[in-house]
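The values are calculated or read from the model by the stated rules, or taken from the named source; none is laboratory data. Because the structure is a prediction, the values reported are computed rather than measured. Note that each Cβ is placed from the backbone with ideal geometry, even for glycine, and that neighbours are counted across all protein chains shown. Protein only, heavy atoms only, side chains kept; ligands, DNA and RNA dropped before computing areas. Shrake-Rupley method; radii C 1.70, N 1.55, O 1.52, S 1.80 Å.
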Amino acid sequence: MFRVALENIATYEAGKPIELVIREFGIPADSVIKLASNENPYGTSPRVLESIRENIHKAHLYPDDSMYELKEALSHHYGVQADEIIIGAGSDQVIEFCLQAVDHHNACVLMAKTTFAMYEVYAKLAGVEILKTPSDIHRLDEFVRIYQEVSSKKRVSIVFLCVPNNPMGECLSAKEVEAFIEKVDKQTLVVLDGAYQEFAKAKDSDKGLDPAYLIKKYSNVIYLGTFSKAYGLGGMRVGYGIGSKHLIAMLHKVRPPFNITTLSLQAAIIALSDQDFVAQCVKQNFEQMRYYEEFAKDNHLSFIPSYTNFITLTNLSFESTHLCDWLLTQGVILRNLKSYGLNAFRITIGMSSQNERVLELLKQYIQKNK
Ligand SMILES: *Cc1c(COP(=O)(O)O)cnc(C)c1O
């Protein structure tokens, strides 16, 4: 009854939910620390919460399907036109639209070996062959080599660049990204996933992508953004794509109506208007990240300098699964990267009280398991 393609797709393993830790280890809800899904530990802007409360009586109404107000706000924020924007239920859904809309006949898609898992899931559903670069982090020389090798036999329908990359944390510069786009055929869609751009550009302006500039110059580029990370709206599911008018018109053909909720729409509009909140979160993120970097250095663990709201520790002298399972019994949820084939784990940078507790437990663990 079911498609053969599904046999090769593992059900996505999202960060373990808080409810599981409460149920299995009897830990009270308010002492569970979840730093596994790169959510914003500071929540969302108080103005957003107030606006959701004020609009709660609209829950029975479908949202404005043109999403006029949110598109206006985003078009102002980025300096693009409203018809160069598409809204998705998270940028996840925009990735899905891209895979559905592009012609994959005699084609393959190209991505880094260790990158956002949903590119692969949607590519498999689209039935398109997947090529990956050999390195865990983005190396554009590898992307170019594979792109050119394959181009003699097949088309490359989509290239995914995750800038910065989840789950490794590294970030290409805007210059590198553009030099790569220059080498790519106009018939290849280049997806620039900017889920953590708010963090990256604050740390180093050379990493900041300018969607308005890129989509004007390159009709085959789409920039993806989300409200789930820096804006703290993971639970509301709002993301967007920015691309040339024609590209966005094609994606709209595969978008189902009312694909985000009335309250999500409202929340995103207000969230975008509170840039002070975002700036404050980003600042604290990098201040807190330093404690993890120091911990890693002190304990001879490796990490790639991160341009995101998480840090990934590698080069472990222990099994990441053993550590993560033990932490669960202590009420701490981190992201084990075993499912990526790596002995590594990813920590979302939390609030200072959370980070202190996690660092204390990590030190305990390393002491015991020397
Ligand atoms: C979190 C994330 C997304 C999208 O998240 P949504 O909640 O679906 O908007 C996209 N790409 C990367 C790399 C992410 O980490």
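Could you please give the count of residues in the range 5-27 that are farther than 24 Å from Met118 by Cα, touching a residue at least 24 places away in the same chain (Cβ under 8 Å) and assigned to a helix (DSSP H, G or I)?
So the count comes out to 3.
Find the residue count for the range 141-150, including only residues that are open to solvent by less than 70 Å² (accessible area, probe 1.4 Å) and out of contact with any Ser or Thr (no Cβ under 9 Å at 6 or more places or on another chain).
So the count comes out to 2.
What residue, of Asn299, Asn315, is free of Cβ contacts under 8 Å to residues at least 60 places away in the same chain and open to solvent by 10 Å² or more (accessible area, probe 1.4 Å)?
Values: Asn299 fails: free of Cβ contacts under 8 Å to residues at least 60 places away in the same chain.
Just one listed residue meets the conditions, Asn315.
Among the candidates Asp193, Asp206, single out the residue that is among the charged types (D, E, K, R) and away from the ligand (no atom under 15 Å from the Cβ).
Asp206
Do any strands (runs of 3 or more DSSP E) lying entirely in the range 84-177 carry at least 3 residues that are over 23 Å from Thr308 (Cα atoms) and either within 16 Å of the ligand (Cβ to nearest atom) or outside the structural domain of Asn38 (by TED's automatic domain parsing) (or both), and which ones are they? First the steps, then the outcome.
Working: elements: 85-88, 107-111, 129-132, 155-162.
Strands (runs of 3 or more DSSP E) meeting the threshold: 107-111, 129-132, 155-162.
Yes/no per residue for (1) over 15 Å from Thr44 (Cα atoms); (2) touching a Leu at 6+ places or on another chain (Cβ under 6 Å):
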site: Ala267; (1), (2): no, yes
site: Ser273; (1), (2): no, no
site: Val282; (1), (2): no, no
site: Asn285; (1), (2): no, no
site: Glu293; (1), (2): yes, no
site: Asn309; (1), (2): no, no
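If I ask for residues that are open to solvent by 10 Å² or more (accessible area, probe 1.4 Å) and either in a strand (DSSP E or B) or more than 9 Å from the ligand (Cβ to nearest atom) (or both), which ones from the range 237-253 would you list?
Ser244, Lys245, His246, Leu247, Ala249, Met250, His252, Lys253
Considering only the range 151-176, state which residues are among the small types (Gly, Ala, Ser) and either within 18 Å of the chain's Cα centre (by Cα) or crowded, with 23+ Cβ neighbours inside 10 Å (or both).
Ser157, Gly169, Ser173, Ala174
As an exercise: evaluate Glu72 against (1) open to solvent by 30 Å² or more (accessible area, probe 1.4 Å); (2) over 20 Å from Cys324 (Cα atoms); (3) touching a Gly at 6+ places or on another chain (Cβ under 8 Å) and give the number of the one condition it does not meet.
All conditions pass for Glu72, except number (3).
Cβ-Cβ distance below 7 Å, separation of 6 or more or different chains: which pairs start in the range 205-227 with a residue that is farther than 16 Å from Ile86 by Cα and of a type in the set (Gly, Ala, Ser) and end on one that is more than 16 Å from the ligand (Cβ to nearest atom) and open to solvent by 10 Å² or more (accessible area, probe 1.4 Å)?
Gly208/Ala174
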